[in-house]
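J.: Could you have a look at this structure, given as structure tokens, before my questions?
Any read-out appearing in this document is the output of simple, stated calculations on the displayed coordinates, not a laboratory observation. The structure displayed is predicted, hence computed values, not measured ones. Counting neighbours? That spans all protein chains shown, and the Cβs are built from the backbone with ideal geometry, glycine included.
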Amino acid sequence: MTTPNSITVGFAITGSFCTFSKTLTVLENMKEQGYDIIPIFSDHAATMDNRFTKAEDFRKKVEEITGHPGIDTIQTAEPIGPHDPLDVLVIAPCTGNTMAKLVNGITDSPALMAAKAHLRNERPLVISVSTNDAMGMNFKNLGMLYNVKNIFFVPFGQDDYQKKTASLIAHVDLIPDTIQAALQGKQLQPVLRSPF
């Protein structure tokens with residue numbers, strides 16, 4: 001097991017706004033454990049006010065917790081490849097939109113460029129899924145990513161199997177355990193932990 005204080009984590013946040021409060025809790029816990037966390041924001045996470053929080057307030061809180069300014073442009077995410085600063089990259093929350101673009105090689109946001117740049121270094125990418133269509137239109141994308149070298153999933157389950165039958169959400173408290181397993185080239189098991 002690698003000690004957290006020797007691990008630099010890129011933490012890419014995409015637009016599943018309803019999970020942002022859980023994301024902040026995870027970041028606080030990881031920081032307390034000693035992880036060095038570099039925040040990365042998708043365009044939507046960085047700029048869209050929503051019914052849960054104002055974008056500026058959320059961003060400031062993330063940067064305050066991590067102690068680093070956020071990467072928020074494609075241009076500032078691209079050097080992750082050649083400079084190789086990250087031991088692991090986490091996308092949390094990872095929306096269905098982000099999964100679909102990732103599986104198709106689309107890099108039109110800082111989070112996706114960070115993922116592309118990081119994967120070129122053959123380092124682990126950890127996906128913390130949060131989408132209402134994970135077992136619908138995005139099911140094939142989840143399956144394809146699950147079989148890609150160096151991509152690992154935070155264990156997930158159905159968050160509301162009666163009202164949102166296609167929805168999946170990661171057990172975000174398992175992000176640190178997933179990181180530790182991924183750094184050893186292993187998928188944390190069991191992956192399916194349902195229902196919530």
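J.: With semi-axes √(5λ) of the Cα gyration tensor in Å in mind, check (i) 22, 19, 17; (ii) 24, 22, 17; (iii) 23, 22, 13 and report the label derived from this structure.
T.: Among (i) 22, 19, 17; (ii) 24, 22, 17; (iii) 23, 22, 13, the one derived from this structure is (i).
J.: Something else: Take every Cα pair under 8 Å in segment 74-117 that's 6+ residues apart, average their separations, divide by the length, and report that relative contact order as a whole percent.
T.: On the way: 35 pairs, mean separation 27.6, N = 44.
Reported as a whole number, the value is 63 percent.
J.: How high is the FRET efficiency from Asn121 to Gln189, r the C-beta distance, R0 30 Å, rounded to 0.05?
T.: Values: r = 25 Å, r/R0 = 0.84.
About 0.75, to the nearest 0.05.
J.: Still on this model: Taking amide H positions as placed in the peptide plane 1.01 Å from N, state which residues far from Thr131 in sequence (5 or more) or on other chains have amide H under 5 Å from it.
T.: Leu168
J.: A further question on this structure: Whole-Hz Karplus ³J(HN,Hα) for segment 163-179, in order, using 6.51 cos²θ - 1.76 cosθ + 1.60 and θ = phi - 60°, x for Gly and Pro?
T.: Here the 3J(HN,Hα) series is 9, 10, 5, 9, 8, 10, 9, 6, 7, 4, 5, 8, 4, x, 5, 5, 4 Hz.
J.: Of the lysine pairs in the chain, how many meet both conditions: Cα atoms under 22 Å apart, and a spacing of 8 or more in sequence or different chains?
T.: Within the chain, the lysine pair count is 19.
J.: Kindly put His44, His83, His118, His68 in sequence by how many other C-beta atoms sit within 10 Å of each C-beta, fewest to most.
T.: Listed from fewest to most nearby Cβ atoms, that is His83, His68, His44, His118.
J.: At Ile106 and Asn147, where each label point lies 7 Å from the Cα along Cα→Cβ, what is the point-to-point distance in nanometres?
T.: 2.2 nm
J.: Can you give me the relative contact order of the chain as a percent, contacts being Cα pairs under 8 Å and 6 or more apart?
T.: Relative CO of the chain lands at 21 percent.
J.: Provide the gained length on full extension for the span Asp84 to Thr53, in nm with one decimal, where the gain is 0.36 nm per separating residue minus the Cα-Cα distance.
T.: Computed gain between Asp84 and Thr53 is 7.9 nm.
J.: Skipping prolines and chain starts, which residues have an amide H placed within reach, meaning under 5 Å, of the one on His171, given they are 5 or more residues away or on another chain?
T.: Residues meeting the amide H criterion: Phe156, Gly157.
J.: Name the residues whose placed amide hydrogens come within less than 5 Å of the amide hydrogen of Asn121, ignoring near sequence neighbours (fewer than 5 apart) on the same chain.
T.: none
J.: Oh, and also: Count neighbours as other Cβ atoms within 10 Å of each site's Cβ, and list the trypsin sites (Lys or Arg not before Pro) in segment 108-163 that are DSSP loop with at most 15 such neighbours. Intermediate results must be reported in sequence, preceding the final value.
T.: Details: sites: Lys116, Arg120, Lys140, Lys149, Lys163; in loops: Arg120, Lys149, Lys163.
Of the trypsin sites (Lys or Arg not before Pro), the ones in loops of segment 108-163 whose Cβ has at most 15 other Cβ atoms within 10 Å are Arg120, Lys149, Lys163.
J.: Still on this model: Taking K and R as +1 and D and E as -1, what net charge do the other residues with C-beta under 13 Å from the C-beta of Lys101 add up to?
T.: Net charge around Lys101: -1.
J.: Just to check I understand the Karplus step: with θ = phi - 60° and J = 6.51 cos²θ - 1.76 cosθ + 1.60, what whole-Hz values come out for segment 52-57, glycine and proline as x?
T.: 9, 6, 8, 4, 5, 5
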